[in-house]
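The values are calculated or read from the model by the stated rules, or taken from the named source; none is laboratory data. Since the structure is predicted, the reported quantities are computational estimates derived from the model, not experimental observations. Neighbour counts run over all protein chains shown; Cβ positions are idealised from the backbone, glycine included. The accessibility values were calculated without ligands, DNA or RNA, using every heavy atom of the protein model including side chains. Shrake-Rupley method; radii C 1.70, N 1.55, O 1.52, S 1.80 Å.
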Amino acid sequence: MKSRTTGSWTPVALSADLPAGTVIPARTPTGPIALWRSRSGGVSAFADRCPHRGMRLSHGFVRGEALSCIYHGWSYAQAGNCVRIPAHPGLTPPEAIRVATRQVEEGDGIIWIAADQSATRPPRLDGLAPLRSLTACAGIAAIEAAAGTDASPGGIVGFANNSQTIRMLVASLEDEQALIHVLVEGDASPPERIAASRAAEALRRMAEHIQRKGIA
Ligand code: FES
């Protein structure tokens, strides 16, 4: 499923929210993801379900260049193949034991996941930098209505707040929800960053009100 704003790509997280050696849950329109960064810095996106007994891999932990499941400790390399089964330390895991992987790209401080094997690249942010992420219980149409403008082809909604233009990268999730990443100019001052953050929160409240009332 493609997002009307960002196409095949979903901007699931900020790079800053995924340090080396960590795993976090992420949401996409096509299902939950275990998003992890190896010790050497490589980012991978796995379906959030262990092939062994179905435990969420986002509850697991990173060991070097592999992600280990919290339940029985099976470990998966970045390509998704199982590399270790602790209960059978002498066994080389069969190639058939693997977790589904998703195409992932990182750029401009954003981590993107593709809905399919996309030949295109994710949209660029044109000098803007991500500040923080929000989830809205509102669809893209309600966010656009609250902002009084449509999203750009790259998925950015801009609106005026006092003398500042606030920009948000928006992408749809399932169930009429949306991901919002607040963007600022690279040289934004601390007061401008705080104002952008608060303005985005206010716009989210307005969009959720519009969504509840069915106005959009
Ligand atoms: S459920 Fe993941 S290792 Fe058993």
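Summary table
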| item | result |
| --- | --- |
| Flag for Arg39 being of a type in the set (D, E, K, R), without any contact (Cβ under 8 Å) to a residue 60 or more places away in the chain and open to solvent by 60 Å² or more (accessible area, probe 1.4 Å) | yes |
| Test: residue in the stretch 48-61 that is more than 18 Å from the chain's Cα centre (by Cα), assigned to a strand (DSSP E or B) and modelled with pLDDT of 95 or more | yes |
| Output for the stretch 120-174, where each listed residue is polar (S, T, N, Q) and at negative phi | Thr120, Ser133, Thr135, Thr149, Ser152, Asn161, Ser163, Gln164, Thr165, Ser172 |
| Selected residue (only one of Ile180, Ile143, Ile210, Ile194 is hydrophobic (A, V, I, L, M, F, W, C), loosely packed, with under 14 Cβ neighbours inside 10 Å and at pLDDT 95 or above) | Ile194 |
| Pair list, Cβ under 6 Å, 6 or more apart: the stretch 62-87 residue over 20 Å from Pro19 (Cα atoms) and in a strand (DSSP E or B), other residue open to solvent by less than 50 Å² (accessible area, probe 1.4 Å) and within 12 Å of the ligand (Cβ to nearest atom) | Cys82/Trp74; Cys82/Tyr76; Cys82/Pro93; Cys82/Ile97; Val83/Ser75; Arg84/Ser75 |
| Test: residue in the stretch 96-107 that is touching a residue at least 60 places away in the same chain (Cβ under 8 Å) and surrounded by fewer than 18 Cβ atoms within 10 Å (Cβ to Cβ) | yes |
| Criterion (within 15 Å of the ligand (Cβ to nearest atom) and farther than 26 Å from Leu173 by Cα) met by exactly one of Ser40, Ser68 | Ser68 |
